[in-house]
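As structure tokens, the structure follows; a few thoughts come after it.
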Amino acid sequence: MATPDFVLELRKHVGTAPLWLAGATAVIRDADHARVLLVRRADNGWWTPVTGIVDPGEHPAEAAIREAREEADVAIRVDRLASTGVSRMVTYANGDRAQYLDHTFACTYMGGDPYPADGENTDVQWFAVDDLPELRPHMLARIEAGLADEERARIELTTESAGGRPAGAG
């Protein structure tokens, strides 16, 4: 399902006004962390990790598990929170606007035969971590965080949220 029912219901009241939504990204790695599972989005053709909107009352990690099943028909284990960040404002073709608080999780593939299980994606493929397809910078940052061997989650600051300075600039 492309747009969750709760968002459609909100849109009846707020029209195209910006919505602040929680999102979940699953960086799905194979057991030896040599490959990552990516999906090709039907709406723009870009390769991305599995992503989706967190439903009301749903834990973001549970959303990552659900989205992996819905989009690629795979079972995963969520290993850790890898990063949090805020997307840019997104304006969809119908004029709807939204901005997302993303929760990126490092996940391990547990089973299933990956395929585009819903209409949101046209392809699902494993890629070697050292041979990824062209990715948007924010998605590459999520993948890098998900593949990193770190104990703590990264906080991905945008230039705007860092007071006009590049993230990490003093």
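Results, tabulated for the structure shown:
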| quantity | calculated |
| --- | --- |
| Cβ charges +1 (Lys, Arg) and -1 (Asp, Glu), total dipole of segment 18-150, debye | 320 debye |
| Two-decimal ratio, the chain, of alpha-carbon radius of gyration to 2.2 N^0.38 Å | 1.02 |
| Rel. contact order, % - alpha carbon contacts under 8 angstrom, at least six apart, the chain | 28 percent |
| Simple spin-label estimate for VAL7 and ALA75 in nanometres, 7 Å along Cα-Cβ | 2.8 nm |
| Mean residue ellipticity (222 nm) of the chain, computed from DSSP H runs ≥ 4 via -39,500 (n - 2.57), nearest 500 | -6000 deg cm²/dmol |
| Relative contact order for segment 18-70, counting Cα pairs under 8 Å that sit 6 or more residues apart, in percent | 37 percent |
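Where a number appears in this text, it was derived from the coordinates with a stated rule and is not lab data. Only a predicted model underlies this, so the values are computations on that prediction, with no experimental measurement involved. With ideal geometry, Cβ positions are generated from the backbone for all residues, glycine too; neighbour counts draw on all protein chains shown.
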